[in-house]
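The values are calculated or read from the model by the stated rules, or taken from the named source; none is laboratory data. Here the structure is a predicted model, which is why all the values come from computation and not from measurement. Note: ideal-geometry Cβ built from the backbone for every residue, glycine included; neighbour counts use all protein chains shown. Ligands, DNA and RNA are excluded from the accessible area calculation, which covers all protein heavy atoms including side chains. Shrake-Rupley method; radii C 1.70, N 1.55, O 1.52, S 1.80 Å.
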Amino acid sequence: MELTDYRVEECRSAIHARNGEVRAVLRVLDEPQRDPNARRDAPLYGVPYVLKDTWDTAGIITTGGSWRHRERVPRESGSIHRVLAAAGAVMLGKSNMPDLALSNESDNHLVGATNNPFDPTRTAGGSTGGGAAAIATGMAAFDWGGDFGGSIRTPAACCGITGIRLSSAAWPASREQFPALAEFFQPMLGMGPLARTVEGCRLVMRAARALRADVGTPTIKPNDVVLYAPDPATLGEWPTFVSDVAMRLMTLGARFDVDRTLPPASRVNNLFNGYLAVHLDELHTTNEISVADATAAVFLGLASRGRLDRRIHANTGAVLALVQTGNLTIYRDPSRFDPAVGKLRRAMDAIWSKGKLVVAPTATISPPKHGRAILAWNWQAFTKLGNLTDATACAIPFGKFSNGLPRSLQVMGPPGSEEAVLDLAARLEAVAP
């Protein structure tokens, strides 16, 4: 189904029929929002979409998934909303997400958890889980999300759709997200579209091209690929990743080799977690809630599952508690992590400088049960590689796990390589299981 085949009333009917069950759309608009000045020949004219609730929309409540901000109404729209409206897209609502966008499950005290469209007992991922589930169930043609630890690619993988993380260096408007992320972490925060197909993502991305910085376009060799294989700790439910992908690459006539220069994914996961913890002070971005009050809110919320305190949702609270605990215990010394992150970035740059793209799993574990994602320790190890290196990274469906849930791989390239990344993703999409 092409992006332009979606119809506003059909998507609204799908929202009416399924949103109570899936909880994909946090706030359904009474009337679809259109820009009356949009040209009929605009690239997204009439295409219905939902917008992640991190992006400000003038006159429409934007909460960042937080109960504390349940009445926050921006006076101005951010550039994401303005660009999509000018391109003719029709907004149907704001998509569901976790409190503060800091959990890999889209759950909050506003409407509850987004259910996976393939198994309602499991998560749709986070933090753009609402948008991914809305697309998978026909409620919207696309969404525009943010990606700090896999927050576009993980939900896309969970819901069997496509999502691309555009690099922060090339697409800096990710700085407009609410709540704001500290400047220190901005290189790890990307943004981009989610849609059913690679070409759907490409159409939305090109419609938003005014947001792209002038960083140039790196030279990519379309048939030179590096496979980033799981290590023993991250084989998960996909031990045949290398053979599965190698067979398709050979079908495409691509040259490939298995990487021997990057650290294993389990190590990357530890690097990401440690880097976040040792720089915890930089994570505090606003004075909306003091550290003392936040600490109390986290522990009261965790202890009572939100019955005594709704200021911070339990899932987000668990993440913050783990980061704080790590900062006080095993992740205290920046000299252990800052050089290692720098070395990782140089290793990835060395691959990209040869014109090669990296193909890796999006995840080797199927979507966890609700409330259990934080215990799936290496679930997002592969997506975190893209955030630590500010990769352009596109996740596409690639068969199914043995339990029948969607499986996904990702193509990663340097900042500014989005067209080349999408090209290879489209070729793999065509031969995917």
Identity of the residue in region 370-411, in contact with a helix residue (DSSP H, G or I) (Cβ under 7 Å, 6 or more places away or on another chain) and among the charged types (D, E, K, R), that ends up farthest from residue 238 (Cα to Cα): 390
Within region 13-57, tally of residues that are out of contact with any strand residue (DSSP E or B) (no Cβ under 6 Å at 6 or more places or on another chain), charged (D, E, K, R) and in contact (Cβ under 8 Å) with a residue 24 or more places away in the chain: 7
Enumeration of residues in region 202-216 that are at pLDDT below 95 and exposed (fewer than 14 other Cβ atoms within 10 Å of the Cβ): 214, 216
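Each row is one residue, and each column tells you yes or no for (1) modelled with pLDDT under 95; (2) in contact with a Lys or Arg (Cβ under 9 Å, 6 or more places away or on another chain); (3) part of a helix (DSSP H, G or I).
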residue: 360; (1), (2), (3): no, no, no
residue: 363; (1), (2), (3): no, yes, no
residue: 386; (1), (2), (3): no, yes, yes
residue: 409; (1), (2), (3): no, no, no
Residue within region 37-45 that is at positive phi and either part of a helix (DSSP H, G or I) or over 21 Å from the mean Cα position of the chain (by Cα) (or both) present: no
Selection count where residues are closer than 21 Å to residue 378 by Cα and without any contact (Cβ under 8 Å) to a residue 40 or more places away in the chain, scope region 240-263: 4
The listed residue being at pLDDT 95 or above, surrounded by 16 or more Cβ atoms within 10 Å (Cβ to Cβ) and touching a strand residue (DSSP E or B) at 6+ places or on another chain (Cβ under 6 Å), out of 258, 198: 198
From 340, 350, 296, 277, residue being small (Gly, Ala, Ser), more than 22 Å from residue 124 (Cβ to Cβ) and touching an Asp or Glu at 6+ places or on another chain (Cβ under 9 Å): 296
Selected residue (criterion: farthest from residue 273 (Cα to Cα)) from residues of region 290-325 that are surrounded by fewer than 19 Cβ atoms within 10 Å (Cβ to Cβ) and among the basic types (Lys, Arg): 307
Residue ranges of helices (runs of 4 or more DSSP H) in region 238-320 with at least 1 members among the small types (Gly, Ala, Ser): 241-251, 265-278, 291-304
Residue match in region 134-143 (condition: charged (D, E, K, R) and out of contact with any Phe, Trp or Tyr (no Cβ under 8 Å at 6 or more places or on another chain)): no
Cβ pairs under 8 Å, 6+ apart, first in region 422-433 and closer than 10 Å to residue 396 by Cβ and at pLDDT 95 or above, second open to solvent by 30 Å² or more (accessible area, probe 1.4 Å) and assigned to a helix (DSSP H, G or I): 426/199; 428/248; 432/248
Single match in 337, 382 (criterion: in a helix (DSSP H, G or I), open to solvent by less than 20 Å² (accessible area, probe 1.4 Å), touching a residue at least 24 places away in the same chain (Cβ under 8 Å) and out of contact with any strand residue (DSSP E or B) (no Cβ under 9 Å at 6 or more places or on another chain)): 337
Among (1) in a helix (DSSP H, G or I); (2) in contact (Cβ under 8 Å) with a residue 40 or more places away in the chain; (3) open to solvent by less than 20 Å² (accessible area, probe 1.4 Å); (4) not charged (D, E, K, R), the one test that residue 225 misses: (1)
Neighbours by Cβ (under 7 Å, 6+ apart or cross-chain): first from region 352-373, aromatic (Phe, Trp, Tyr); second open to solvent by less than 10 Å² (accessible area, probe 1.4 Å) and in a strand (DSSP E or B): 352/413
Conditions (1) at negative phi; (2) surrounded by 22 or more Cβ atoms within 10 Å (Cβ to Cβ); (3) not β-branched (Val, Ile, Thr); number of the one not met by residue 187: (2)
So residue 56, is it over 15 Å from residue 19 (Cα atoms), open to solvent by 10 Å² or more (accessible area, probe 1.4 Å) and in contact with a Pro (Cβ under 6 Å, 6 or more places away or on another chain): yes
Selected residue [in contact (Cβ under 8 Å) with a residue 40 or more places away in the chain, open to solvent by 60 Å² or more (accessible area, probe 1.4 Å) and closer than 26 Å to residue 206 by Cβ] from 1, 91: 1
